[in-house]
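A.B. asks: Structure in structure tokens, see below.
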Amino acid sequence: MNPTDVSGLPSGVPDVLRESGIEELYPPQAAAVDAGVTEGESVVASVPTASGKTLVAELAMLSSVHRGGKALYVVPLRALASEKKAEFERWSDFGVEVGISTGNYESSEEWLASRDVVVATSEKVDSLVRNGAPWIDDLTCVVADEVHLVDDPSRGPTLEVTLAKLRRINPGLQTVALSATVDNADEVADWLDAELVKSDWRPVDLRTGVHYGDAITFADGEQREVPVGRGERPTAALLDDTLSEGGSSLVFVNSRRNAEAAARRGADVAEDHLTDDERDDLAALADEVAGVSDTETSEDLAAVVERGAAFHHAGLSAEHRSLVEDAFRDRLLKVICATPTLAAGVNTPSRRVIVRDWRRYDGEFGGMKPLDTLEVHQMFGRAGRPGLDPYGEAVLIAKDHDAMDQLFDRYVEAEPEPVQSKLAREPAMRTHLLATVASGFARTRSGLLDFLDRTLYAAQSEGTERLESVVDSTLDYLVANDFVERDGEEITATALGHTVSRLYLDPMSAAEIVDGLRDAEDPSPLGLYHLVCRTPDMYELYLKSGDRETYTERCYEREDEFLGRVPSEFEDVRFEEWLSALKTAKLLEDWAREVDEDRITERYGVGPGDVRGKVDTAEWLLGAAERLAVELDLDCAVAVREAKKRVADGVREELLDLTGVRGVGRKRARRLYEAGVESRADLREAEKSVVLGALRGRERTAERVLENAGREDPSMEGVSVAEASADGEDGDGDGSDADTRRAGDGSAADSGDQQASLGDFE
Ligand code: ADP
């Protein structure tokens, strides 16, 4: 089908498409158009990765806006929102204005009312509905990207309920759902009252297989020799093999740290295949990468990019990601080592895909868990560059013959799992029932059941018995905790319940926090960190061997600080959870005591991204705790705010004023403080040479910091570094372990911080 044959679009759209290389619609796209996707019809498109789902969404949104409507594009990951926005901005010549909703959970972002297309995550849309954003009523088209994620136990229910709510608010809403190929896509289509477009078509053929020993065995029985030398890793042999034919590879691994390590080894292979011109271009690219930010990630990435490889994970900034992706598409970078999360949504086709790790650590599972077939198939789908490769190759790696058989069974020959609603899981039910009542979607038990009848869960269950019983027990829970009141038939949210819903908390987290705060007179930061760490909204660190003893000891040392009753050692499961929360809280405490990040990662056996993740979650939960304390008129609100600020900035109390200045992080703040510049006011007055010295002689940085602190003349021209501070520049002792140098909070655990390790030797 030629784009000119598509009805419902503004004229000129086919020209824009042609300019970006789209002359003909791909068959699944044509099928979606035949199903009426540009005429306002709802469509579920279940097609393989890289077969052009995004264009289906764009055609739907363009035509909807052309008819005077407004579209919402729901992304599966926040990190993808800006990429999608940039993609859709190519329609600005047609008067389509794109907005991205990234604000915090409590705002209704009214300015989005003026945008024609809004891009947001499902959590964000859910919270916009909860906070009553008026423009939600104006939507005419909603696109759910990667709708098969309704199957995800933690995030799926939000997507599911959000779609149900949007469809309830706007009965005529066009729903376009994009899905990977799953067997029961028809159920999803039935649920959304949509036409199903299902296809296995791909723009490039795909061959899948397993490497074992000295060869890849493909599903069709053919073999390709890829010998592995002594001491060589199979991944390296596979990379070398593709490179010798001029092809690129995408390697999937299971963690950020592994992605970085694999990229270093990938670079060892790639650098032997580079031409002189490529080396020059890569050196320039590496400079650009290093210039993006002043972080270790920037430097590490630049170091591998220079040698033809890159890592790609959610810890990269958007700028890093686009530099890496563009250079890979331009065939300058030869190897990308990626974690699966992001790569699934990013368009980076390559000759060969290597799925190196097919297991990933899973806290709930309690160990390494095999990836779902669907997820691995999505990685496979990145193989084969249209117009460049005769076919794509996707390869798993087996250590022995049994593993090879297992990988064939599990991934190469298997069908992906069916999509199953996870809404009946307790946390999901608690959260969504409260929100549904609080935002007025339902006012009675039967109203609730009526609303839930629009979910995939209802569409997939026989009868209503299970649903009714989950609803009843959840309502009892919400009433018992004072979030909801029942008056005969009528169900309403209490003031507390409204707050909890708007704060986007799991009601169980809120209940735990409220109980703990009611108990607290003058809570310590550790006490507060522990309180939020034991809520279901915090993903706790798990205990490794030896940790039980270590943290039991700490638990008794700091017993006075905990908010709430410490479970007895005989309540096995509860006690264990208490200790896991304590370990997590200790990580936060270390962070707020300026322990160096590297030491924290080593001490707790986690990656830098995990530290960031815990800190962000703690900041959000403590912010919510502060709001609850205010709502309940509790004295501890100030202590909560302070604990929040300290963990957010990763500093001791005395640095909070300095870290309030933009551009001053924990390390810079500590160096300034040690040089005698102790506050924002000091920054306005201090000797410039002292400031410059504390900021390691970086003039531009110093100028920006002074400017941000409100200094009238921030210029560093002619200023040189003060003697005393210049001496301290060598080595990398910057701010690290301020803990060991300073007196500390005076709390009992300070001595414990000197322990070399807590048993985390993995
Ligand atoms: P998916 O979302 O299905 O994984 P994308 O929408 O990212 O796939 O599309 C993959 C690539 O195919 C993109 O680079 C896109 O520009 C290109 N593409 C999409 N439709 C066509 C088409 N009809 N003709 C040529 N290229 C296309």
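A.B. asks: Tell me the label-point distance for the pair R329, D482, using the 7 Å Cα-to-Cβ offset, in nm and rounded to one decimal.
C.D. replies: In this crude spin-label approximation the distance works out to 5.5 nm.
A.B. asks: Mean residue ellipticity at 222 nm from the helices of the chain, using -39,500 (n - 2.57) per DSSP H segment of n ≥ 4 over the full residue count, to the nearest 500 deg cm²/dmol?
C.D. replies: -13500 deg cm²/dmol
A.B. asks: Taking the Cα centre of the chain as origin, work out the dipole magnitude from +1 charges on Lys and Arg Cβ and -1 charges on Asp and Glu Cβ, in debye rounded to 20.
C.D. replies: 640 debye
A.B. asks: Something else about it: Give the cross-link partners of K124 among the aspartates and glutamates, using a straight C-alpha distance below 13 Å as the criterion and excluding same-chain residues fewer than 8 apart.
C.D. replies: E106, E109
A.B. asks: Ranked from highest to lowest mean number of other Cβ atoms within 10 Å per residue, what is the order of the peptides 475-481, 277-283, 590-596?
C.D. replies: 590-596, 475-481, 277-283
A.B. asks: Could you pull out the trypsin sites (Lys or Arg not before Pro) across region 308-362 that fall in loop regions by DSSP (anything but H, G, I, E, B) with no more than 16 other Cβ atoms inside 10 Å?
C.D. replies: R331
A.B. asks: Could I ask something else about it? Take the alpha carbon atoms of the chain, find their radius of gyration, then divide it by 2.2 N^0.38 Å using N residues; give the quotient.
C.D. replies: Expressed relative to 2.2 N^0.38 Å, the Cα Rg reads 1.01.
A.B. asks: I need the shape label for region 507-653. Rule: rounded when a/c is under 1.5, else prolate if a/b > b/c, else oblate, with a, b, c from the alpha carbon gyration tensor.
C.D. replies: oblate
A.B. asks: Follow-up. Would you calculate the separation in nanometres between label points at R264 and D15, each defined as 7 Å from the Cα along the Cα-to-beta-carbon direction?
C.D. replies: Calculated label separation equals 5.3 nm.
A.B. asks: Can you put T499, T54 in order of Cβ neighbours within 10 angstrom, beginning with the fewest?
C.D. replies: Ranked by crowding around the Cβ, least crowded first: T54, T499.
A.B. asks: On a full-extension model of 0.36 nm per residue, what is the gain between E319 and R662, subtracting their alpha-carbon distance, rounded to one decimal in nm?
C.D. replies: The span from E319 to R662 would gain 121.4 nm if fully extended.
A.B. asks: Compute the distance in nm between two label points, each set 7 Å from the Cα along the Cα-to-Cβ direction, one at D572 and one at E413.
C.D. replies: Going from the D572 label point to the E413 one covers 4.0 nm.
A.B. asks: At R0 = 25 Å, how high is the FRET efficiency between E602 and R360 if r is their beta carbon distance? Nearest 0.05 is fine.
C.D. replies: For R0 = 25 Å, the calculated efficiency reads 0.70.
A.B. asks: Report the relative contact order of the chain, percent, no decimals, based on alpha-carbon pairs under 8 angstrom and at least 6 residues apart.
C.D. replies: Normalised by residue count, the contact order of the chain is 10 percent.
A.B. asks: Given a Förster radius of 35 Å and the C-beta distance between E553 and V638 as r, what FRET efficiency does 1/(1 + (r/R0)^6) yield to the nearest 0.05?
C.D. replies: 0.65
A.B. asks: Longer than 28 Å from Cα to Cα, which of K583/K645; K667/K688; K614/K667; K85/K644; K334/K399; K53/K422 are they? Say none if no pair is.
C.D. replies: K85/K644
A.B. asks: If you take the beta carbon distance between N184 and A283 as r and set R0 to 56 Å, what does 1/(1 + (r/R0)^6) give as a FRET efficiency, to the nearest 0.05?
C.D. replies: 0.65
A.B. asks: From the gyration tensor of the Cα coordinates in region 3-198, what semi-axes in whole Å does the equivalent ellipsoid have, largest first, with each one equal to sqrt(5λ)?
C.D. replies: 24, 20, 15
A.B. asks: Wrap a convex hull around the Cα atoms of region 328-463, take a quarter of its surface area, and give that in square nanometres.
C.D. replies: 12.8 nm²
A.B. asks: On to the next question. Quick one: H401, H498, H432, H273, fewest Cβ neighbours within 10 Å first, how do they rank?
C.D. replies: H401, H273, H498, H432
Quick note: the coordinates plus some simple rules give every number you see, no bench work behind them. Only a predicted model underlies this, so the values are computations on that prediction, with no experimental measurement involved. Reconstructed Cβ throughout: ideal geometry from the backbone, glycine too, with neighbour counts over all protein chains shown.
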